[in-house]
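This report refers to the structure that appears directly beneath it.
The values are calculated or read from the model by the stated rules, or taken from the named source; none is laboratory data. It should be emphasised that the depicted structure is a prediction, and the values quoted were computed from it without experimental measurement. We place every Cβ from the backbone using ideal geometry, glycine too, and count neighbours over all the protein chains shown. For the accessible areas, the whole protein counts, side chains as well, though only heavy atoms, and no ligand, DNA or RNA atoms are used. Shrake-Rupley method; radii C 1.70, N 1.55, O 1.52, S 1.80 Å.
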Amino acid sequence: MNTRNETPTRIRISEESMQPQMKQPQRKKPDENVLRILRLGMLVSGAVILVLALAMLILPAIKIKSIEVVGNNFYDDAYVIEKAGISTGDELFGWNMQKSCDAIMAAYPYASDVYVSISFPFTVKIEIVEKPSVMYAEYQNQYFSFDRSLRVLEIKSDGEEVFSPFLHVKLPEVLSIRIGSAIQFVDAGANLSILTQLLDVLAERNILERVTYVDCSSLFSLSFVLSNAVRVEIGALNDMNVKLTLLEEELRKNPINHNIYAVIDVSNTRTPTYRKISAENLFD
């Protein structure tokens, strides 16, 4: 019997093969939405940088072509533009608007607000809002302007002509005046609130725009002048609706004629009167 010697197969088992096989971690696939957002962000950032770069090159080349001033009824345009610190030919976007507004406000005592804007084509617009009811009066051969709070705005020796666009007021005896401060009166107890009350009443009846002079030197003998032609005596500041209705009736019967000067006295509501006077007596 033939026997065949067979060499046994040897299998080598290493320690590594005995270890449990670990699963290799798989790389997570990027979220497409996140990638899309990142790409978009990079595009936007690049566009912004490009725009800023172009702006730095282009903006200095854009010059002011014209300057427009509106709303100023006292100073001329050249004065306002000078105080704004700008001129045609300057860089349109190379100056501080707020600084210009502040400078105009400091130099223009009759302004309550100043607005500066840029409009097409390359125009700077300066808009001034003036204070309402600016008035002027006389003191020691000088004239001074003041606002509704009786704060002195300007003092000028030639003010009668300079301040002519404003309402002329005869005040109680003045003790002293100083720009930026309230008027000081000899009678410290003088109640000048009646002046603003009178102006408000006249404005409500659409009469104020025709008033050129107000005399409130005596609180119980108030008067005002219409169109530099008719003096209206109202006495004390009471029964104003009745008094102004009587005034309107008298004006219908005797319309204002700049060749005729007159006084309409409605201080006594029972017996209003109308009489002609000379021009010299109109402001007495």
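Could you do me a favour and compute the accessible area per residue for the range 245-284, 1.4 Å probe, result in Å²?
For the range 245-284, the per-residue accessible area is 67 Å².
How many percent of the accessible area of the range 113-208 is carbon or sulfur, using a 1.4 Å probe?
47
Is there a quick way to get the dipole size of the range 194-284? I mean about its Cα centre, with the Cβ of Lys and Arg at +1 and of Asp and Glu at -1; what is the value in debye to the nearest 20?
Charge dipole of the range 194-284: 260 debye, to the nearest 20.
Enter the accessible area per residue of the range 75-128 (Å², integer; probe 1.4 Å; all protein chains in place).
With the other protein chains kept in place, the range 75-128 gives 55 Å² per residue.
Send over a whole-number figure in Å² for the accessible area per residue of the range 154-198, probe 1.4 Å.
With the other protein chains kept in place, the range 154-198 gives 56 Å² per residue.
Too long at a 28 Å Cα-Cα cut-off: which of K83/K170; K63/K156; K170/K243; K83/K156?
K83/K170; K63/K156
With a cap of 11 neighbouring Cβ atoms within 10 Å, and only residues DSSP puts in a loop, list the GluC sites (Glu not before Pro) found in the range 67-175.
E173
Can you give me the Cα centroid spacing of the range 69-87 and the range 105-157 in angstrom?
Spelled out, the Cα-based centre of one part sits 11 Å from the other.
Working with all protein chains in place, sort K170, K131, K125 by solvent-accessible area computed with a 1.4 Å probe, largest first.
K170, K125, K131
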